[in-house]
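Asker: First, the structure itself, so that you have it in front of you.
The values are calculated or read from the model by the stated rules, or taken from the named source; none is laboratory data. Model, not experiment: these values are computed from the prediction. Cβ coordinates were reconstructed from backbone atoms using ideal geometry, including for glycine residues, and neighbour counts include every protein chain displayed. Note: accessible area is taken over every heavy atom of the protein model, side chains too, but ligands, DNA and RNA are not part of it. Shrake-Rupley method; radii C 1.70, N 1.55, O 1.52, S 1.80 Å.
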Amino acid sequence: MLVLVTYDVNTISPGGTKRLRQVAKVCQQYGQRLQNSVFECIVDQTEFTTLKLRLQEIVDVDRDSLRFYRLGNQHASKVEHYGVKESLNLEGPLIF
């Protein structure tokens, strides 16, 4: 399934910069960065649960924000893209 992960980490708070780097690093293990704090991830249910748990362990729920948008397996008809920086087909071969 396609999951869109968005986050906003308060970097002014103590440890904020470290949390921001940690969240981005975990997200990069599961998908591709679309914008600074937005990742597109193709995961199964087990990977999605693990991703959520890992991120929830990092963020400070009193200062940071974390959102997951489940677009499902039929995501190709739900995503429209205009402009530069075309996204990779995460389900296709990774040959450039």
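Asker: Might you tell me the accessible area per residue for region 35-76, computed with a 1.4 Å probe and given in Å²?
Answerer: Accessible area per residue: 67 Å².
Asker: Once fully extended, how much extra length lies between Glu47 and Arg33, figured as 0.36 nm per residue of separation less the alpha-carbon to alpha-carbon distance?
Answerer: Difference between extended and current length: 3.3 nm.
Asker: Could I ask something else about it? Among the GluC sites (Glu not before Pro) within region 1-77, which fall in a DSSP loop and have no more than 15 other Cβ atoms within 10 Å of their own Cβ?
Answerer: Within region 1-77, no GluC sites (Glu not before Pro) qualify (loop, at most 15 other Cβ atoms within 10 Å).
Asker: Still on this structure: Take the Cα of Phe68, step 7 Å along the line toward its Cβ, and report every residue of region 44-62 whose backbone nitrogen sits under 15 Å from that point.
Answerer: 44-59
Asker: Here's another thing I want to ask about it. Please give the net charge around Thr46, taking every other residue with its beta carbon less than 15 angstrom from that of Thr46, where Lys and Arg add +1 and Asp and Glu add -1.
Answerer: +1
Asker: With every protein chain present, what accessible area does Leu71 have (1.4 Å probe, heavy atoms only), rounded to the nearest 10 Å²?
Answerer: 50 Å²
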